Each structure stands twice: as structure tokens, then as C-alpha cells.
1. In nm, give the distance between the simple-model label positions of Leu129 and Asn146, each being 7 Å from the Cα along the Cα-to-Cβ direction.
2. Efficiency by 1/(1 + (r/R0)^6): what FRET value for Leu98 and Ser8, r their Cβ-Cβ distance, R0 = 30 Å, to the nearest 0.05?
3. Can you list the equivalent-ellipsoid semi-axes of the chain, largest first and in whole Å, using the square root of 5 times each Cα gyration tensor eigenvalue?
4. Could you sort out which of Lys100/Lys141; Lys42/Lys62; Lys14/Lys113; Lys62/Lys142; Lys57/Lys113; Lys39/Lys111 sit more than 22 Å apart by Cα distance in this structure?
5. When the chain is modelled as a GNM with alpha-carbon springs shorter than 10 Å, which of Thr68, Thr16, Thr140 fluctuates the most?
6. Show Tyr89, Tyr51 ordered by accessible area, largest first, where the area counts protein heavy atoms only and the probe is 1.4 Å.
7. Taking the chain as a Gaussian network, where each spring joins two C-alpha atoms under 10 Å apart, which residue of Ser125, Ser66, Ser35 fluctuates the most?
8. Compute the distance in nm between two label points, each set 7 Å from the Cα along the Cα-to-Cβ direction, one at Lys64 and one at Ser35.
Amino acid sequence: METAYIKSPIGNLKITDDGGEIIRLDFCDEFINTSITNKNLKLCVDELNLYFQGKLKTFKTKIKLSGTEFEQKVYKALLKIPYGKTATYKDIAINLGLPKAARAVGNANGKNKIPIIVPCHRVVSVTNLGGYSGGNGLETKKSLLNLEKVYL
């Protein structure tokens with residue numbers, strides 16, 4: 001496993017790669033300057049920096065989704081939400097063939113281990129922004145949506 005840190009407009013991020021796949025992206029207080037030998041981790045750092053500059057809309061970084069079978073289905077659905085767009089928890093549930101599972105979709109979103117790349121910030125409630133468990137909560141979600149020019 002190899003880790004790298006980046007400073008971003010929403011705070012410091014710690015990225016963990018295992019065997020050439022990103023397995024975690026964590027909001028953290030510390031910043032540790034590290035040398036990166038892993039190509040995928042280097043790509044991820046570069047892509048995140050471009051994303052925060054508004055110059056990248058689609059990540060090519062290799063990731064490894066984890067969680068229950070349902071959670072992984074939710075994460076795969078999140079990956080289909082385009083940059084600058086949103087979907088509701090209900091939309092995702094319907095797309096999964098489980099129209100009454102909006103709350104379960106929200107719970108899965110909260111367990112997403114690779115935020116930003118797996119864009120859980122693009123999922124909103126029918127009536128409001130919904131929640132966000134990363135960084136500074138809803139302020140972080142609003143910042144990410146504003147970066148993508150989504151104004152709700």
C-alpha cells in the first residue's frame with residue numbers, strides 16, 4: 001500500500017492505493033509530503049489537482065470499490081452521474097430497480113470510501129441537498145457542486 005497527500009480547496013486529502021487501485025480517499029487534518037512511486041497514485045494526485053482547477057471532468061484513475069453488493073451497485077450508479085449534474089437518492093434507487101430504497105442509497109453514499117472520484121456529492125434529496133459525511137459536511141458538498149457549476 002502507498003499513500004499520498006494533497007492540499008485542496010476543501011482541505012487536505014489522503015489517498016491510499018493498494019496494488020495499483022485507489023481504495024480510499026480521506027479528508028484529513030495533516031499533510032505529509034511523500035514521494036510517489038506508484039503510477040496510479042501519481043495519476044490520481046494529478047487528476048485531483050486538475051479537477052480542483054476545473055480542468056478535469058472524468059477520472060481515469062483505477063479504483064477498487066468495496067462494500068456490500070448493494071453498496072457497490074450504488075457506487076457504480078454514482079460513477080454514471082456526469083460532471084456538473086446531480087441525481088436524487090430516489091433516482092438512484094429507481095435506476096437500481098428498488099424504488100423504495102432511497103434511504104438505503106443515502107446510507108451507502110455515506111459509506112463511500114472514495115469520495116470525489118466516486119461522486120457521492122452529486123446525489124441530492126428531492127427537497128434539499130441531502131447530507132454529506134466528508135470534510136466539513138454540507139459546506140464541502142456545496143463547494144464541490146459549486147466547483148462543477150451546479151447551483152441548487
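The values are calculated or read from the model by the stated rules, or taken from the named source; none is laboratory data. Just so it is clear, the structure is predicted and the values come from calculations on it, not from any experiment. Here the Cβ positions follow ideal geometry from the backbone for every residue, glycine too, while neighbour counts run over all protein chains shown. For the accessible areas, the whole protein counts, side chains as well, though only heavy atoms, and no ligand, DNA or RNA atoms are used. Shrake-Rupley method; radii C 1.70, N 1.55, O 1.52, S 1.80 Å.
1. Spacing of the two 7 Å Cα→Cβ label points: 0.9 nm.
2. Values: r = 34 Å, r/R0 = 1.12.
That gives a FRET efficiency of 0.35.
3. Numbers: eigenvalues 130, 60, 34 Å².
In descending order, the three semi-axes are 25, 17, 13 Å.
4. Values: Lys100/Lys141 24 Å; Lys42/Lys62 11 Å; Lys14/Lys113 11 Å; Lys62/Lys142 26 Å; Lys57/Lys113 20 Å; Lys39/Lys111 26 Å.
Beyond 22 Å between Cα atoms: Lys100/Lys141; Lys62/Lys142; Lys39/Lys111.
5. Comparing Thr68, Thr16, Thr140 in the GNM, the peak value goes to Thr68.
6. On the way: Tyr89 30, Tyr51 0 Å².
Ranking Tyr89, Tyr51 by accessible area, largest first, yields Tyr89, Tyr51.
7. Maximum among the listed residues: Ser35.
8. 2.5
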